[in-house]
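Please read the structure below before turning to the comments.
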Amino acid sequence: IFGVVALLIPRKGHQVLFDSILDIIENINTESKGFKLLIEGDGPLLEKLTTFVNFHGLSEYVKFVGNERNVINFISILDVLILPSIANEDFPNVVLESMALGKPVIASSIAGTTEQIVDGETGLLVQPNNKHQLGNAILKLYNEEDFRLKMGKAASLRSQNFFSIDRVVANYMKLYEHLN
């Protein structure tokens with residue numbers, strides 16, 4: 001189960017993701033393995049994206065779940081989180097939350113994602129707006145369960161070592177001491 005947690009707005013890249021799913025769906029034996037893409041969130045693109053999914057016959061693979069009140073519960077059921085943003089990301093919390101839960105992340109290599117994710121170790125980074133790279137990353141983690149599980153464990157460890165509350169507070173304290 002793959003999933004996205006993001007507002008349904010252009011910069012979040014849902015259309016690029018759906019274009020990549022359309023390209024790769026023929027390469028996935030979906031009936032025997034049950035490929036699913038869950039879309040959490042709401043926004044002005046909901047109608048357009050729903051129409052695209054329905055028109056292209058993707059509704060058995062792509063499900064819109066709306067706003068989940070407890071996003072951690074949603075992320076917990078995923079095997080992989082996808083953040084296909086095409087612009088204006090900072091240091092996305094959803095990446096850190098997913099890594100803390102032991103989920104590998106496929107994300108566009110923009111802004112903070114390149115600091116959060118170690119490409120090929122804790123997740124896969126793809127160029128923004130590149131449906132082919134995104135599709136290949138999805139196929140890799142879909143087809144290689146052992147790699148996906150190993151990556152999830154590495155993501156959890158990286159989260160604990162670099163992004164835990166204790167670690168962040170300690171780093172801020174060092175910074176403040178250095179400035180005095």
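See the values below:
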read-out	value
Residue list for region 61-90, restricted to those being hydrophobic (A, V, I, L, M, F, W, C), closer than 20 Å to residue 144 by Cα and open to solvent by 20 Å² or more (accessible area, probe 1.4 Å)	77
Matching residues, region 91-136, being at pLDDT 95 or above, open to solvent by less than 10 Å² (accessible area, probe 1.4 Å) and not β-branched (Val, Ile, Thr)	98, 99, 104, 107, 108, 116, 123, 134, 135
Which numbered condition residue 39 fails, given (1) without any contact (Cβ under 8 Å) to a residue 40 or more places away in the chain; (2) surrounded by fewer than 21 Cβ atoms within 10 Å (Cβ to Cβ)	(2)
Meets criteria (open to solvent by 10 Å² or more (accessible area, probe 1.4 Å), part of a strand (DSSP E or B) and of a type in the set (A, V, I, L, M)) for residue 16	no
Single residue of 22, 58, 49 found to be under 19 Å from residue 134 (Cα atoms), free of Cβ contacts under 8 Å to residues at least 60 places away in the same chain and open to solvent by 10 Å² or more (accessible area, probe 1.4 Å)	22
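The values are calculated or read from the model by the stated rules, or taken from the named source; none is laboratory data. Please read all numbers here as calculations on a predicted model, not as lab measurements. Because the Cβ atoms are built from the backbone with ideal geometry, glycine has one as well, and the counts that use them run over all protein chains shown. Just the protein is used for accessible areas: all its heavy atoms, side chains included, with ligands, DNA and RNA removed. Shrake-Rupley method; radii C 1.70, N 1.55, O 1.52, S 1.80 Å.
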